[in-house]
1. Scan A:174, A:198, A:191, A:178 and give me the residue that is surrounded by fewer than 20 Cβ atoms within 10 Å (Cβ to Cβ) and closer than 14 Å to residue A:268 by Cα.
2. Here are some conditions: (1) at pLDDT 95 or above; (2) more than 17 Å from the chain's Cα centre (by Cα). Residue A:134 meets all but one. Which one does it not meet?
3. Among the candidates A:69, A:55, which residue alone is more than 22 Å from residue B:84 (Cα to Cα) and touching a residue at least 60 places away in the same chain (Cβ under 8 Å)?
4. Filtering region A:255-270 down to residues that are closer than 20 Å to residue A:212 by Cβ and either without any contact (Cβ under 8 Å) to a residue 24 or more places away in the chain or under 23 Å from the mean Cα position of the chain (by Cα) (or both), which residue is surrounded by the fewest Cβ atoms within 10 Å (Cβ to Cβ)?
5. Out of everything in region B:98-119 that is at the interface with chain A (Cβ under 7 Å from one of its Cβ atoms) and part of a strand (DSSP E or B), what residue ends up being surrounded by the most Cβ atoms within 10 Å (Cβ to Cβ)?
6. Any chance region B:76-87 includes a residue that's in a loop (DSSP other than H, G, I, E, B) and at pLDDT 95 or above?
7. Return the residues of region A:223-252 that are over 23 Å from residue A:133 (Cα atoms), in contact with a helix residue (DSSP H, G or I) (Cβ under 8 Å, 6 or more places away or on another chain) and touching a residue at least 40 places away in the same chain (Cβ under 8 Å); say none if nothing qualifies.
8. Go through region A:94-131 and give me each residue that's in a loop (DSSP other than H, G, I, E, B) and either over 18 Å from residue A:3 (Cβ atoms) or within 17 Å of the chain's Cα centre (by Cα) (or both).
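The values are calculated or read from the model by the stated rules, or taken from the named source; none is laboratory data. Model, not experiment: these values are computed from the prediction. Please note: Cβ atoms are built from the backbone with ideal geometry, for glycine as well, and neighbour counts cover all protein chains shown.
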């Protein structure tokens, strides 16, 4: 059991979301950085999609009411256990009464607190993710507040998770598959979408200019600031299905990237779609930071996805092996 | 290649048992960091004397050994700030890592101590039980 001591707003219980219900208007939700969530879960011996706490406003503090093995992945926010600095992306053992504190992130935007067993909240439509808009799922459909208490499921892995198992930074391990820029802006790969060509010359400017993630950005979508891009003639469209990653252009000309709490339908023209394999990187981008989109191919998108899957498999298999070996030799 | 710690009494005892079983009278091993000479004096109690120049595992000296086979790293290459530069360490300080594929096993100081010798090089493959650090515990 854990008890929240201090939290900002919008910190929620998330897993990998509830896809499959968009047709009845249910947002998928789920972690903004699903890769960080999966790796964190695997480190503590959980299934990759176990429920965790997504922390996006800081400081955040909780108390353990019993012994728990946990890890903090995603944003590096100088986590401390009873004032003792913790290695990020590493499993730690907490005792009853110990307090975990996360400060402002040094890198990234969202931290994932994964606990051995995973958070035990009632699944709704197959997922423990919080749907803030629908006010269901997760912790009673709302974000966490001080004094909230969350239970943990029994550990399911064959081997007891162990403290002191870390993983190399996935961005480091996958460096060959991740684009970088010279000017510090985040390079995100995308595919041209249905209405791309209606933007004429502005379409090219969408790709070349550096956009800034505006303060009007949240888990639903990132609004981008920059020189507006507009269709050559006004486009009137019927509402159609929308998924995370879709980049719409409202009449203002400043694009919106749909994120984890994406609307299920929308009527704005779509200029591009962020490849799935880059959504986690965008999910870690901070408000005010700069981003540029580069054109990718389907082949490229699938290759990155494959590399990420292989890395996660490698982490899962090796982590299990190392845990068993350390448990045997201890 | 993994290296055996010849200062470990258990290792020496094992070697002695093997020599006795094989009917061999003595054994001398030399390595840049360690040397070992065993002469079997049958029928007399064993005297284990450490060759000169080796760390003496006195009450305050101890060795941090590899808890698992892997690649020894002084720091996490993906997080350069994990390098512990000082020789003086507090209990729980991370003084290195063992890398097994994508997994890193942090090596922590067992107590407040001073690192007297760093046995393994950054990037060296080490075996289970190999000595990595010689440390002197601070009282």
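1. Working: A:174 fails: closer than 14 Å to residue A:268 by Cα; A:191 fails: closer than 14 Å to residue A:268 by Cα; A:178 fails: closer than 14 Å to residue A:268 by Cα.
That would be A:198, the only listed residue that is surrounded by fewer than 20 Cβ atoms within 10 Å (Cβ to Cβ) and closer than 14 Å to residue A:268 by Cα.
2. (1)
3. On the way: A:55 fails: touching a residue at least 60 places away in the same chain (Cβ under 8 Å).
Among A:69, A:55, only A:69 is more than 22 Å from residue B:84 (Cα to Cα) and touching a residue at least 60 places away in the same chain (Cβ under 8 Å).
4. In the first step, residues of region A:255-270 are kept if they are closer than 20 Å to residue A:212 by Cβ; the result is A:255-259, A:268.
After this cut, where a residue has to be either without any contact (Cβ under 8 Å) to a residue 24 or more places away in the chain or under 23 Å from the mean Cα position of the chain (by Cα) (or both) as well, the list is A:255-259.
Details: A:255: 24, A:256: 24, A:257: 27, A:258: 24, A:259: 21.
For region A:255-270, the residue satisfying everything is A:259.
5. In the first step, residues of region B:98-119 are kept if they are at the interface with chain A (Cβ under 7 Å from one of its Cβ atoms); the result is B:100-106.
Going one step further and asking which of them are part of a strand (DSSP E or B), we end up with B:100, B:103-106.
Details: B:100: 18, B:103: 24, B:104: 30, B:105: 22, B:106: 20.
Once the filter is applied, the top-ranked residue is B:104.
6. Step one: list which residues in region B:76-87 are in a loop (DSSP other than H, G, I, E, B), which gives B:76-79, B:83-87.
Restricting the remaining residues to those that are at pLDDT 95 or above gives none.
No, region B:76-87 contains no residue that is in a loop (DSSP other than H, G, I, E, B) and at pLDDT 95 or above.
7. Matches in region A:223-252: A:229, A:235.
8. Matches in region A:94-131: A:103, A:104, A:105, A:106, A:118, A:122, A:123, A:125, A:126, A:128, A:129, A:130.
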